[in-house]
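Right, one structure below, let's go through it.
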Amino acid sequence: MSEHVKCLIIGSGPAGYTAAIYAARANMHPVLYQGTQPGGQLTTTNEVENFPGYPDGVTGPEMMIQLQDQAKRFETDIRDGWVTKVDFTGPVHKVWVNDDKEIHCDTVIISTGASAKYLGLESEQKYLQLGGGVSACAVCDGFFYRNQEVVIVGAGDSACEEAHYLSKLCTKVTMLVRRDEFRASKIMAARVAKTENIDILFNTETEEVLGDGQVVTGVRVKNNLTNAVRDIPATGFFVAIGHQPNTGIFKDYLNLDETGYIKNVPGTSKTNIPGVFVSGDAADHVYRQAITAAGTGCMAALDAERYLSALEG
Ligand code: NDP
């Protein structure tokens, strides 16, 4: 037996909840699947100080609970579950939850966000799983490394921002840059370069994250010009090498760019499939902010509502 819904929202970050608030108030009876990280990336963030309307700031988890409460107030059907498969070939859009439950949707709003990328080294994954000193979010975890030495890998704006953030907490930050230059904007790179306790190692790659079996104790690095290997003592290893949009299940149906972000019709939330809309980081590699995700969530609900009205004549 399949269920039929007017508006299915996939994802529970600021984009998904905002889409839910607008869709519910437009009488579309939205059903929202939360995925494996209810609340999305913001739940791993500490203080949010730049979301308008919170003059004193708010923590990421608190803000997500408030967004969820607001979506519930208008009777959004919020469910646990992971969307594992879709079929957007027919006039009715089919979505499967946890591989078995089949839902037929008039409209689908994709708000699946993006996830941090890791290097993929066995030792990195080991200490990540153990919670023993590997992190992809300096703002979330930097606090635990106050007055300690850390290593950060990456050379984009995120890495520079995070290295600078860590430099205010840690005694020393060693930054590993795999090429002989930054990818980051000049202003961000210059800020890092002039920070006294940030040591930048160019042409340097991570060989292994070192540890005592429980926690990180250092990082083995290699200079890719000289092949010289050395160990850097550190209690934290931060990875800031970009994000991967969570769009794999849509790749056979939706137009994606070369890095996997969903292509939307400029200025709208529309995808190449009528009735399927996208909001938040799944389509945005540039701004990636809670407020822009919320804005595009609103756009997706309004676009879905107009699409349904046109269908219903
Ligand atoms: P980017 O894709 O811009 O940068 C990723 C960095 O990680 C690159 O320097 C890349 O190296 C490096 N990298 C990738 N894989 C590896 C690896 N296996 N080993 C070592 N290094 C690796 O990602 P960001 O998250 O930094 O930024 C994404 C977007 O968000 C950008 O458009 C950025 O401008 C924007 N942004 C803007 C901010 C702001 O303006 N305040 C803040 C944060 C992000 P290489 O250069 O060699 O490819």
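Read-outs throughout are calculated quantities, based only on the coordinates presented, and are distinct from any laboratory measurement. All values reported here derive from a predicted model rather than from experimental measurement. As a convention, Cβ positions derive from the backbone with ideal geometry for all residues, glycine included, and neighbour counts pool all protein chains shown.
Data for the structure
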| quantity | calculated |
| --- | --- |
| FRET efficiency estimate (nearest 0.05) - Cβ-Cβ, residue 98 to residue 122, R0 22 angstrom | 0.15 |
| In order through segment 300-309: 3J(HN,Hα) via Karplus (6.51 cos²θ - 1.76 cosθ + 1.60), integer Hz, x for Gly, Pro | 5, 5, 5, 5, 5, 5, 5, 4, 5, 4 |
| Kirkwood Rh in Å, taken over the chain so that all alpha-carbon pairs contribute | 20.8 |
| Rounded to 10°, Cα long-axis angle of helix 157-167 versus longest principal axis of the chain | 50 |
| Sorted by Cβ neighbour density within 10 Å, fewest at the top, the residues 279, 115 | 115, 279 |
| Centroid-to-centroid separation of segment 46-106 and segment 251-274 [C-alpha atoms, Å] | 19 |
| Spacing of the two label points (7 Å from each Cα toward its C-beta) at residue 2 and residue 165, in nm | 4.2 |
| R0 of 22 Å, Cβ-Cβ distance residue 66-residue 25: FRET efficiency to nearest 0.05 | 0.85 |
| Antiparallel DSSP beta bridges within segment 109-219, percent to nearest 5 | 25 |
| Interatomic Cα distance distribution for segment 52-203, bins of 5 angstrom, percent | 2, 7, 12, 13, 13, 12, 11, 11, 10, 6, 3, 0 |
| Proxy reagent accessibility, fewest Cβ within 10 Å first, across 262, 232, 110 | 232, 262, 110 |
| Degrees separating the helix 60-73 axis from the principal Cα axis of the chain, which is the longest one | 0 |
| Pair residue 228, residue 129: separation of 7 Å Cα→Cβ label points (nm) | 3.5 |
| In nm, spacing of pseudo-spin labels at residue 193 and residue 288 (7 Å Cα→C-beta vector) | 2.3 |
| Helical contribution to [θ] at 222 nm, DSSP H n ≥ 4, -39,500 (n - 2.57), averaged over the chain, rounded to 500 | -8000 deg cm²/dmol |
| Spin-label zone in segment 128-167 - amide nitrogen under 17 Å from a point set 7 Å from the Cα of residue 186 along the C-beta vector | 157 |
| Among 257, 69, 77: highest mean-square fluctuation, GNM of the chain, C-alpha pairs under 10 Å | 257 |
| Between segment 113-143 and segment 289-303, the Cα center-to-center distance that results, in Å | 28 |
| Spin-label proximity, residue 214 to segment 129-147 - amide N less than 18 Å from point 7 Å beyond Cα toward beta carbon | 129-134, 144-145 |
| Sequence of 135, 123, 2 once ranked by neighbouring C-beta atoms within 10 Å, starting from the fewest | 2, 123, 135 |
| Counting DSSP beta bridges with both ends in the chain, the antiparallel % (nearest 5) | 45 |
| Cα long-axis angle, helix 14-25 against the chain (0 to 90 degrees, to the nearest 10) | 20 |
| More than 18 Å apart - percent of Cα-Cα pairs taken over segment 228-288 | 46 |
| More than 19 Å apart - percent of Cα-Cα pairs taken over segment 118-239 | 41 |
| Inter-part distance where segment 17-39 and segment 169-210 are each reduced to a Cα centre, Å | 40 |
